[in-house]
Every structure is written in C-alpha cells, then in structure tokens.
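Have a look at the structure below before the remarks.
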Amino acid sequence: MKASRRHFLALAGSAVAAPALLREGYAQAPQVTLRMHHFLPAVSNGHAKFLAPWAKKVEAESGGRIKIDIFPSMQLGGTPPQLYDQARDGVVDLVWTLPGNTPGRFPNIEVFELPFVPHRKAIVNSKALQEFSEAHLKEEFREVHPICFWAHDHGLVHANKPVSKMEDLQGLKLRFPTRLAGEALRALGVSAIGMPIPQVPESLAQRVIDGCVIPWEVVPAVKVHELVKNHTEIPGSPTLYTATFILAMNRQKYEGLPSDLKAIIDKNSGQVAAEMAGKVWDEQAVIVSDLVRKRGNTIITLTEEEAARWRKATEPVVQNWVNTTRDGGKLLEAARSLIAKYDKAA
C-alpha cells in the first residue's frame, strides 16, 4: 500500500509540475529588466492607460526579452522633482516626470508652457513638442535618453468658488504645476502656490489652497472633483497653459542594450509614444468632464471676451520669457509654427 501511495504521489507531482515545465520551455526569459518610476498612483490614467500599455507593448514586441516593472507613487523613494536625476544617475532605468518640477533647469522646453501658446488638444501639443525636441531639446536633455516628450490638453481652473471673470481670481490661492503657469496666474491676480501634484488633495482638504490648475485627466487621481465643486474652462486655442512631460531612460542603460532590443525601444519612441500619450489625455478629458458634470459640479466656460482679457493680462509673461531666454523669439516662433502644423493635421 505504501509503495502504491508513493507511486500515486509521484505521478500526481509530475502531472502538476508538467505545465510549469512546458511554460518554461516556451516562454522567453527576460534578458533585460527595466525599472520605471513615477509620481502618480497606479489608478491614474497616465499609469493605467499610457505607461502600462507602453511597457506591455515593448515587452510583447521583444518576445519577453525586455521586462518593465513600474513603480508608481514614488515607491522607490525620493520626491517628484528628483525623478529626472534618478534616471540620469541610474538609480532607476526609466522615469516619467515633468521638467517643470525643477524650474529654470530646462529653459527651452518652457516655450510650450507659456500662457496662450499651447493648443487645446494634447495630441496637437504632443506631436508639436516631439518634433520641436528633435531640433531644440537634444542638448538640454543630453544627460538622459528621451523616449518621448508630450504635453497635456487645456488646463482648467478648479476652485472652491466659481470663477467666471478675472476679478474672481483676485487673491485666490491656486496650486500651479510649472514656473510659467505660476507667473501667468500671478499676472491674473492669483496668489499662486507651487507644489507637486501628490500634495494637492491634502492641501485642498486642509484649505492650504483654494484650488488648482490641472487638466481633466488628472482630476480623478487626486480627487479634485470631490474636494472642489467649480471648474473653469478656457475656450478654444491657444489655451491658458499646459505642462510638458518626458519619458526618459538612463543613457548608459539604453546604450548598453543589444542592438535588436535597442531597436524595439526606438520603434516605440518619438512620435509613436508621443501620439499614444496625447490620445489618452484627449480621450480622458471627455470622460472625466462628463463624470464631473454628472456628479453635479459646476463647469463654467469663459466667454471669448473674458478669455481675451486673460490673454492680454498674461502677455508680459510671454514677452519676459522671450527677452530672458537665449533665442527666445526663435523658439516661440518654432513652437507656434509646429502647433499650427499639427492643428491642421488633427
């Protein structure tokens, strides 16, 4: 009986192990594992609808030889402004971050963040910025290997009181994401406060700020629609502001890849990735604005006349940037020309 029992257990064990052995035989073991780090939670659209699908696409096209592990919410330590340096120094292999988190460090990319320069649609901004990067940002981002650049759609004012005219902004404490967005808000009379996006929910809950400027896409991830009830849209294009993003890879890690794996990364870089990101932001703008409307929050759209007042009030911010940035006028002309190019193609 004991022998029969041992025989049965041996057969059972081999039957259980067989599928695992078969899987190992057919699966391609990862040759390279990359760690990606970013600042938003895993439930955010940026993570769930862009970064994770992008990573899976790279993994699939490499036949499993590349594996990308994503660490959201700064799980690997540090603060959002430190992400770029984490990629530069090889602390992590890939980062998604905002150049605007380190004000003044990347002056050329700021041209897309000037008030009333960016387009209303993320896909237009993203394609324009990606092409712009190839001519004007290589030196600025030489310490890393950029996978792609992109910029979000029109940013809105989200506040604990209705904002329908410039006078409503006076003294309002609003969080801003970039240096130039802060300058634009100050020009409009706002008490502008800079902070990384993960700090926004607690700051709103504790009344440290009265609101913030962010695009629709970010709203659910940081629960802004639950913490304020008023949302102000700026009509048409160009729009009040955008923020630029970079998906960057450690340069040494990229250069050390086998040529065929490097080709997989290249195939999923540049305009391919920028367009992929831009589509997510534009799609989510519609979905999230509908969600907020159904929740009963108030969505205000400025009149064309009022938007013109905001644009005039922020013109000195644009002129000051042009005057204080090397080749500022040429960079602004190039950015506007590329935005117009992709607007026509949209």
- Task: Tell me, yes or no, whether the range 102-122 has at least one residue that is of a type in the set (D, E, K, R) and under 20 Å from Asp266 (Cα atoms).
- Result: no
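Residue-wise test of (1) over 14 Å from the mean Cα position of the chain (by Cα); (2) at pLDDT 95 or above; (3) not assigned by TED's automatic domain parsing to the domain that holds Leu338; (4) not hydroxyl-bearing (Ser, Thr, Tyr).
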residue: Gly100; (1), (2), (3), (4): no, no, yes, yes
residue: Arg105; (1), (2), (3), (4): yes, yes, yes, yes
residue: Phe116; (1), (2), (3), (4): yes, yes, yes, yes
residue: Ala181; (1), (2), (3), (4): yes, yes, no, yes
residue: Arg186; (1), (2), (3), (4): yes, yes, no, yes
- Filter result for the condition that a residue is touching a helix residue (DSSP H, G or I) at 6+ places or on another chain (Cβ under 6 Å) and surrounded by fewer than 17 Cβ atoms within 10 Å (Cβ to Cβ), over Gly296, Gly329, Gly278: Gly329
- Within the range 297-346, which residues are of a type in the set (Lys, Arg) and at pLDDT below 95? Lys344
- Selected residue (criterion: surrounded by the most Cβ atoms within 10 Å (Cβ to Cβ)) from residues of the range 68-99 that are free of Cβ contacts under 8 Å to residues at least 60 places away in the same chain and in a loop (DSSP other than H, G, I, E, B): Pro72
- Residue list for the range 162-186, filter: surrounded by fewer than 23 Cβ atoms within 10 Å (Cβ to Cβ) and of a type in the set (Lys, Arg): Lys165, Lys173, Arg179, Arg186
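Kindly establish whether Lys253 is surrounded by fewer than 23 Cβ atoms within 10 Å (Cβ to Cβ) and free of Cβ contacts under 8 Å to residues at least 60 places away in the same chain.
So Lys253 fails the test.
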- Out of all the residues in the range 225-243, which are farther than 17 Å from Val163 by Cα and more than 21 Å from the chain's Cα centre (by Cα)? Glu226, Gly236
- Query: Filtering the range 299-308 down to residues that are loosely packed, with under 13 Cβ neighbours inside 10 Å and acidic (Asp, Glu), which residue is nearest to Pro238 (Cα to Cα)?
  - Reply: Glu304
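The values are calculated or read from the model by the stated rules, or taken from the named source; none is laboratory data. This one's a predicted model, so the numbers in the text were calculated from it and none came from an experiment. Cβ: placed from backbone, ideal geometry, glycine included. Neighbour counts: every protein chain shown.
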